[in-house]
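See structure below.
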Amino acid sequence: AETKHMVHLPMALHKGRPQSALIICFGMGTSYRAALSWDVRTTAVELVPSVVDAFGFYYADAATVLDNPKGRIVIDDGRRYLKRTREKYDVIVVDPPPPPQAAGSSLLYSREFCELAKEHLNPNGILQIWFPVGTRLTVQAVLRSMNQSFPYLRCFRGVHGWGWHILGSMQPIGPATAAQLAARVPPRAVQDLLEWENVNQSPGLAGCLQRDLSQEAPIARLLNPNPKIQITDDQPFNEYYLLRQSLDYSP
């Protein structure tokens, strides 16, 4: 569900109707599929070709999605792609591969990455970074990196309490009520967003969006007062997997 909401939330919060989206990290293809349900030009960048080849293993309609003329999949490193393209987007979604402690993962969380992504946003564009799981300090480091690049941030707890969705923009994001957001979502996107909801227990579109909005956390409360708690290319605060894991679970 998180990989759907990481697309639908910024798309719905975008002022006006978004026309383009960039998905960095293809994964199961859920985010790419969700973005195309908005009928927008969608580019996905994936480092490993076999990841894209596995799309049909997860979705029966994978072939139809891949044939969508508005979609494009690029095999490349996401950050390198941004350095070489001149394209700009209304929404950029980063679905980084877990675990966030892994070597090199900081390159999709760092302040330098946020600055690079900012250059490829259209006016009112939104960068969404999902941080899946980690210590509170690491979440604060990710948030600080985005805070130094974007004057406007909104942060939402994951739908099922898993991770954080952090949205950054050069212009204000919202505010908007769940009903206002629901009015912006096209029918195909509604179907995609509710696809995994329990039919008998689903709160409906407005209810799902209200659930998202209710999980918002104040940025000022989340930010660590220590400015050194951040992620840069030279200071990968979230990495060093074994060291951090041993510290997390030590007595």
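Quick look at the numbers
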item: Within the stretch 133-147, considering residues that are in a helix (DSSP H, G or I) and of a type outside the set (A, V, I, L, M, F, W, C), the one most open to solvent (accessible area, probe 1.4 Å); result: 136
item: Any pair with Cβ under 8 angstrom, 6 or more apart, that starts in the stretch 140-169 at a residue that is more than 16 Å from residue 230 (Cβ to Cβ) and touching a residue at least 24 places away in the same chain (Cβ under 8 Å) and ends at one that is among the polar types (S, T, N, Q) and open to solvent by 30 Å² or more (accessible area, probe 1.4 Å); result: 156/215; 157/215; 158/215; 159/215; 169/124
item: Qualifying residue in the stretch 207-226 (condition: touching a strand residue (DSSP E or B) at 6+ places or on another chain (Cβ under 7 Å), open to solvent by 60 Å² or more (accessible area, probe 1.4 Å) and touching a residue at least 24 places away in the same chain (Cβ under 8 Å)); result: yes
item: Identity of the residue in the stretch 27-61, aromatic (Phe, Trp, Tyr) and surrounded by 24 or more Cβ atoms within 10 Å (Cβ to Cβ), that ends up farthest from residue 96 (Cα to Cα); result: 38
item: Residue check for residue 176: modelled with pLDDT under 90, among the small types (Gly, Ala, Ser), in a helix (DSSP H, G or I) and open to solvent by less than 20 Å² (accessible area, probe 1.4 Å); result: no
item: Pair list, Cβ under 8 Å, 6 or more apart: the stretch 62-78 residue surrounded by 15 or more Cβ atoms within 10 Å (Cβ to Cβ), other residue in a helix (DSSP H, G or I) and among the small types (Gly, Ala, Ser); result: 62/56
item: In the stretch 15-26, residue farthest from residue 71 (Cα to Cα) [restricted to those that are assigned to a loop (DSSP other than H, G, I, E, B) and open to solvent by less than 10 Å² (accessible area, probe 1.4 Å)]; result: 18
item: Unmet requirement for residue 136, which otherwise passes all of (1) touching a residue at least 12 places away in the same chain (Cβ under 8 Å); (2) within 23 Å of residue 237 (Cα to Cα); result: (1)
item: Output for the stretch 17-63, where each listed residue is charged (D, E, K, R) and modelled with pLDDT of 95 or more; result: 33, 39, 41, 46, 53, 61
item: From 236, 225, 251, residue being more than 29 Å from residue 14 (Cβ to Cβ), in a loop (DSSP other than H, G, I, E, B) and modelled with pLDDT under 80; result: 251
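The values are calculated or read from the model by the stated rules, or taken from the named source; none is laboratory data. These numbers come from a predicted model, not from an experiment. Methodologically, a virtual Cβ is constructed for each residue, glycine included, from the backbone with ideal geometry; neighbour enumeration extends over all protein chains shown. For accessibility, only protein heavy atoms count, side chains too; no ligands or nucleic acids. Shrake-Rupley method; radii C 1.70, N 1.55, O 1.52, S 1.80 Å.
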